[in-house]
Amino acid sequence: MHTKTLILSIPLLLCSFILASSQIPSESDKTFEKGLSNYNAKDYAKAIVNFSKAIELDPKFEDAYVCRADSFYELKKFDEAFADYSKVIEIDPTNVDGYSGRGAVYYEFKKYTLAIADFNKTQKPNFSNYRQWPP
């Protein structure tokens with residue numbers, strides 16, 4: 001009887017462990033959060049350092065690329081911002097933030113046709129992070 005109870009409890013324990021471990025923020029998430037705090041405090045240089053560390057830990061961390069690009073944009077480092085927004089689009093061609101950010105950089109470069117093309121890509125409802133309204 002005890003053996004049967006123990007065997008039946010093992011999957012439950014494994015699921016609990018998996019659920020608990022998935023809720024523990026990764027090192028890249030923690031570093032990203034520090035970057036967000038820096039960004040919100042308008043310390044863009046320090047934010048870039050933390051977002052860069054998060055990207056180093058997780059090279060496909062789209063939000064870290066977007067936020068680092070936003071930080072570069074705030075510092076008027078448009079070439080660096082452009083590279084990061086383009087990387088976001090490379091990782092996920094449906095990422096609206098990548099297109100809207102890169103469109104803003106194209107605008108700064110006075111490449112208005114390219115800016116409009118990127119801005120128009122943010123309007124397509126087939127994007128994965130596009131929310132249709134009303135829900």
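Can you give the extra length, in nm with one decimal, that the chain gains between ALA83 and LYS60 once fully stretched, where that is 0.36 nm per residue apart less the Cα-Cα distance?
This chain segment gains 6.9 nm when fully extended.
In the neighborhood of ASN50, defined by Cβ-to-Cβ distances under 11 Å, what is the net charge if each Lys or Arg adds +1 and each Asp or Glu adds -1?
Values: positive: LYS30, LYS34, LYS46, LYS53, ARG68; negative: GLU33, ASP43, GLU56.
In short, +2.
Taking the charge dipole of region 24-121 about its Cα centre, with +1 at Lys and Arg Cβ atoms and -1 at Asp and Glu Cβ atoms, the residue from ILE91, PRO59, ALA47 reaching farthest to the positive side is ALA47.
Placing a pseudo-label 7 Å from each Cα along the Cα-to-Cβ vector at ALA45 and LYS110 gives an inter-label distance of 3.0 nm. Straight-line cross-link partners of LYS53 among the lysines, defined as a Cα under 24 Å from its Cα and at least 8 positions apart when in the same chain: LYS30, LYS34, LYS42, LYS76, LYS77, LYS87.
Every number here is computed from the coordinates shown, using simple stated rules; none is lab data. Values in this document were obtained by computation on a predicted structure and should not be read as measured data. As a convention, Cβ positions derive from the backbone with ideal geometry for all residues, glycine included, and neighbour counts pool all protein chains shown.
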